[in-house]
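Participant: Sharing a structure below in structure tokens format, with a few things to ask.
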Amino acid sequence: MSGSPLKVGVLVGSVRTGRFADKISGWFVSEAGRRDDMEIHVIDLSEPALVEELKLSLDPLGTPGEAPNLAARIDGLDAYVVITPEYNHGYPASLKLAIDYVYSEWRAKPVGFVSYGGIAGGHRAVEQLRQVFAELHAVTLRDTVSFHNAWEKFDDEGRPHDEDGASKAASVLLDQLAWWGVTLREGRAARPYGS
């Protein structure tokens with residue numbers, strides 16, 4: 001089982017598309033895609049079908065349509081990286097809704113973070129997310145990738161000005177994710193997680 005690639009979901013947590021969200025998520029997916037021990041699956045919360053599915057989840061009278069099932073997508077993965085901006089010392093509501101919409105599918109799986117924002121680089125959003133994922137019995141990784149004053153960190157083509165530093169930080173995160181992902185996947189296979 002440890003020989004098969006780790007299925008990693010990259011959850012892009014902002015429904016605001018634009019130069020920062022697109023640049024950062026594009027860069028990270030490219031970094032992760034270079035690895036042969038991981039299979040990358042992007043779950044972009046700005047996808048119209050996901051936006052519709054999450055809207056329906058708020059309506060007690062709503063009925064799911066043909067939208068992709070977020071819970072099934074999350075359940076089929078071994079590990080996750082959440083890419084999140086920081087808004088008002090927190091993370092976006094779209095991300096909170098997506099996390100809460102899914103429940104047991106997060107259990108006993110690792111979660112890493114790539115954050116961006118102003119002077120704090122999204123760290124306050126990540127610290128709040130750690131508490132949320134702890135309640136869901138997910139394991140959050142210690143090391144993160146963060147971009148302080150993100151608007152100054154990327155060129156027009158979406159490459160970080162400090163490519164070496166950013167790549168090293170991504171490599172540390174992905175190495176930890178690989179270790180935890182394989183270890184927890186094997187653990188769940190040998191003994192189902194009970195909470």
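Participant: Regarding S30, is this residue within 30 Å of G118 (Cβ to Cβ), at pLDDT 90 or above, surrounded by fewer than 16 Cβ atoms within 10 Å (Cβ to Cβ) and hydroxyl-bearing (S, T, Y)?
Facilitator: So S30 fits the description; yes.
Participant: Continuing with this model, one more query. Which of the residues that make up the stretch 108-123 are assigned to a loop (DSSP other than H, G, I, E, B) and within 14 Å of the chain's Cα centre (by Cα)?
Facilitator: K109, G122
Participant: Where the second residue is open to solvent by 60 Å² or more (accessible area, probe 1.4 Å) and polar (S, T, N, Q) and the first is over 11 Å from L70 (Cα atoms) and lies in the stretch 37-51, which pairs have Cβ atoms under 7 Å and are six or more apart or on separate chains?
Facilitator: Listed pairs, sorted by first residue: S46/T17.
Participant: Continuing with the same structure: Can you name the number of the only condition in (1) open to solvent by 10 Å² or more (accessible area, probe 1.4 Å); (2) modelled with pLDDT of 95 or more; (3) not polar (S, T, N, Q) that G112 fails?
Facilitator: For G112, the exception is condition (1).
Participant: Only one residue in A178, A134 is more than 20 Å from D44 (Cα to Cα), among the hydrophobic types (A, V, I, L, M, F, W, C) and touching a Lys or Arg at 6+ places or on another chain (Cβ under 8 Å). Which one?
Facilitator: Result of the check over A178, A134: A178.
Participant: Can I ask one more? Those residues that are open to solvent by less than 10 Å² (accessible area, probe 1.4 Å) and either outside any helix (DSSP H, G or I) or more than 19 Å from I24 (Cα to Cα) (or both), I need them from the stretch 93-107; list them, please.
Facilitator: A98, I99, V102, W106
Participant: Specify which of the listed residues (R107, R142, R159, R124) is among the charged types (D, E, K, R), in contact (Cβ under 8 Å) with a residue 12 or more places away in the chain and farther than 26 Å from D37 by Cα.
Facilitator: Answer to the selection: R124.
Participant: Taking the conditions exactly as written (over 23 Å from D22 (Cα atoms), within 15 Å of the chain's Cα centre (by Cα) and open to solvent by less than 60 Å² (accessible area, probe 1.4 Å)), does V126 satisfy them or not?
Facilitator: So V126 fails the test.
Participant: Please enumerate the residues belonging to the stretch 28-55 that are outside any strand (DSSP E or B), among the hydrophobic types (A, V, I, L, M, F, W, C) and within 23 Å of E163 (Cα to Cα).
Facilitator: F28, V29, A32
Participant: In the stretch 129-185, which residues are in a loop (DSSP other than H, G, I, E, B), farther than 15 Å from V114 by Cα, in contact with a strand residue (DSSP E or B) (Cβ under 8 Å, 6 or more places away or on another chain) and open to solvent by 40 Å² or more (accessible area, probe 1.4 Å)?
Facilitator: Matches in the stretch 129-185: H161 only.
The values are calculated or read from the model by the stated rules, or taken from the named source; none is laboratory data. This structure is a prediction, so every number in the text was calculated from the model and none was measured. Positions of Cβ are generated from backbone atoms using ideal geometry, with glycine treated the same way; all protein chains shown enter the neighbour counts. Ligands, DNA and RNA are excluded from the accessible area calculation, which covers all protein heavy atoms including side chains. Shrake-Rupley method; radii C 1.70, N 1.55, O 1.52, S 1.80 Å.
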